[in-house]
Amino acid sequence: MLIHKNKNIMVITPNPITYYGVRAMLTTLSGVNVVHCPVHFRDETPIDIEMGMHVVIIDTEVANADTITTLIKSCSLSSSVVILTHTLEYKVMQKYKMMNVRAVLHRKSSQKDVENAILSALENNEWGFEDNPRLLRRSYTTKDLSPAIKDEQAMLSLSATERTIIRSIYRGRTVTDIAVAKEKSIKTISSQKQAAMRKLNVKNLAELHVRYHRYLD
């Protein structure tokens with residue numbers, strides 16, 4: 001049972017299903033207020049997190065790796081940060097640990113794990129970094145990595161602009177639509193799309209949709 005009352009938790013995720021899932025898992029913790037920040041952080045978007053948050057849960061889908069790093073540093077000044085991700089690959093875990101993240105949660109974590117992570121974060125303790133030392137300390141090769149880990153790494157390699165373009169294409173927008181919305185030339189957007197597709201190792205739009213859908217699942 002949570003001994004602290006009136007604690008505020010923010011879930012930064014563009015996916016309302018993810019938010020409602022996390023909130024449902026925390027209903028057993030009395031005195032906790034869970035709010036949603038449904039933002040996709042785009043290029044040069046100022047990061048302004050509401051004050052008074054005791055814990056901030058950051059879904060890695062909100063942005064690319066550089067923006068997430070900036071967001072973590074901004075939040076950790078006044079809040080305990082928990083990362084929600086597709087993968088618990090060792091190097092990624094250690095990177096977050098060095099940035100003073102309190103816990104790292106897989107999207108398919110159990111309710112008990114989510115509760116324990118939040119309780120630890122509220123106490124400003126670390127949780128989850130050594131859950132399975134035998135697996136975490138193993139030296140993975142690219143061949144060993146699961147499709148989910150490969151997808152996560154590939155997505156994090158994209159720039160914020162490339163990620164926005166890929167996400168827009170996945171949602172049915174054309175290169176022309178994106179160019180008009182971003183006030184860029186079609187040639188520029190097309191070039192950025194091709195660069196992103198090379199990083200994701202996909203050859204056509206059908207493969208791109210499959211890869212991005214698998215990443216979101």
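The values are calculated or read from the model by the stated rules, or taken from the named source; none is laboratory data. Keep in mind the model is a prediction, meaning the values are calculated, not measured. Note: ideal-geometry Cβ built from the backbone for every residue, glycine included; neighbour counts use all protein chains shown.
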How do the pairs read when you match residues in the range 1-13 that are under 15 Å from Thr60 (Cβ atoms) with residues anywhere that are modelled with pLDDT of 80 or more and part of a strand (DSSP E or B), using Cβ under 6 Å and keeping only pairs 6 or more apart or on different chains?
Val11/His36; Val11/Ile57; Ile12/Cys37; Ile12/Ile58; Thr13/Asp59
Tally of residues being in a loop (DSSP other than H, G, I, E, B) and closer than 11 Å to Phe129 by Cβ across the range 93-102
2
Of all residues being of a type in the set (Lys, Arg) and surrounded by fewer than 19 Cβ atoms within 10 Å (Cβ to Cβ) in the range 94-126, which is farthest from Ser79 (Cα to Cα)? Just the residue, please.
Lys108
Scan the range 5-27 and tell me whether some residue there is more than 20 Å from Arg163 (Cβ to Cβ), modelled with pLDDT under 80 and loosely packed, with under 13 Cβ neighbours inside 10 Å.
yes
Identify the residue in the range 162-194 that is surrounded by 15 or more Cβ atoms within 10 Å (Cβ to Cβ) and either in the same structural domain as His106 (by TED's automatic domain parsing) or of a type in the set (Gly, Ala, Ser) (or both) and, among all such residues, is nearest to Val62 (Cα to Cα).
Ser168
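Residues checked against (1) more than 19 Å from Met10 (Cα to Cα); (2) modelled with pLDDT under 85; (3) not in a loop (DSSP other than H, G, I, E, B):
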residue: Leu77; (1), (2), (3): no, yes, no
residue: Val104; (1), (2), (3): no, no, yes
residue: Ala121; (1), (2), (3): no, no, yes
residue: Asp131; (1), (2), (3): yes, yes, no
residue: Arg138; (1), (2), (3): yes, yes, no
residue: Asp151; (1), (2), (3): yes, yes, yes
residue: Arg167; (1), (2), (3): yes, no, yes
residue: Ala181; (1), (2), (3): yes, no, yes
residue: Ile189; (1), (2), (3): yes, no, yes
Residue pairs qualifying under the 6 Å Cβ cut-off, at least six apart or on distinct chains, with the first in the range 204-216 being at negative phi and the second being assigned to a helix (DSSP H, G or I) and among the hydrophobic types (A, V, I, L, M, F, W, C), are Arg211/Leu200; Tyr215/Met155
Residues of the range 100-124 that turn out to be among the aliphatic types (A, V, I, L, M) and under 15 Å from the mean Cα position of the chain (by Cα), as a count
4
Single condition Ser159 does not satisfy, out of (1) over 30 Å from Ile178 (Cβ atoms); (2) at pLDDT 80 or above:
(1)
